[in-house]
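The values are calculated or read from the model by the stated rules, or taken from the named source; none is laboratory data. None of these values were measured; they are calculated from a predicted model. Cβ placement follows ideal geometry from the backbone for every residue including glycine, while neighbour counts extend to all protein chains displayed.
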């Protein structure tokens, strides 16, 4: 038995049920199939597929990724083939593996989210739907949906009305009170919280005096964001009893343990896939060894352990 299948690593909280707590963050693992020779899909409890939109998108102009101190800034721009080709060409090839499948949905209007959900529900082909509310609302001057509790409530309520598939909400760190956003989502039917998405960032070439990204601005991710991400997981746990997926700068099993102790029930790896594609297997092995050493019998005993010491 591989560490990824160790029964002690099972996640079973609310609607979040995974064979292990390691998830591939959307946009960093493609559609799973491309990585199978170097990072097998079955090492993951779930794979969050590359984000989808209603219509195909070509993405942003290159360069799309730039290395900066400690991490990367990316501005891929949701390049994808659109919802109509998604299920048949991207989801179905992954169904043969023992891993949960998460569809990450995006839109520039609330109706986009509702339409995509309708199509996913028709096929019942994915295990979870992750609603990415970091997208710009074109009807509100381009401000991200996730910054506005009313917008979040409207989207979650509308998506919930379309499907019984468990719903995740992927949150932006760009809010003053993440608890307010979580409560708005929870009141309207969200099942799971995932956080954080990337931080807005710009890098400039001092020789050309031009931005290094073709789209000027992108999202910063990598190890430096980890303490801020853990802080927001802690705040999220203080705001809700829902399952939480923590992410942001995870590059080792030790990082994963930190997120779990702060209140996460599962974790997602993103940027570090570009450094160690097989990081999921290493995290699961590290978690098992940590549980042996510290005498934890289940993952649930670790989840929120430190948070509880200061909040109960």
* Considering the stretch 217-229 alone, what residues qualify as being touching a strand residue (DSSP E or B) at 6+ places or on another chain (Cβ under 7 Å) and without any contact (Cβ under 8 Å) to a residue 60 or more places away in the chain? -> 229
* Does the stretch 119-131 contain at least one residue that is more than 19 Å from residue 91 (Cβ to Cβ) and surrounded by fewer than 20 Cβ atoms within 10 Å (Cβ to Cβ)? -> no
* **Unique match (being surrounded by fewer than 16 Cβ atoms within 10 Å (Cβ to Cβ) and more than 17 Å from residue 14 (Cα to Cα)) among 177, 187** => 177
* Asked: Looking at 268, 280, which is the one that is buried (at least 21 other Cβ atoms within 10 Å of the Cβ) and either in contact with a helix residue (DSSP H, G or I) (Cβ under 7 Å, 6 or more places away or on another chain) or part of a helix (DSSP H, G or I) (or both)?
  -> 280
* Asked: Where in the stretch 37-96 are the strands (runs of 3 or more DSSP E), entirely inside, with at least 3 residues that are surrounded by 17 or more Cβ atoms within 10 Å (Cβ to Cβ)?
  -> 46-48, 71-74
* How many residues are part of a helix (DSSP H, G or I) and either modelled with pLDDT under 95 or out of contact with any strand residue (DSSP E or B) (no Cβ under 8 Å at 6 or more places or on another chain) (or both) if we restrict to the stretch 182-200? -> 3
* Asked: Restricting the search to the stretch 6-36, which residues are modelled with pLDDT of 95 or more, surrounded by fewer than 19 Cβ atoms within 10 Å (Cβ to Cβ) and outside any loop (DSSP other than H, G, I, E, B)?
  -> 7, 8, 12, 13, 17
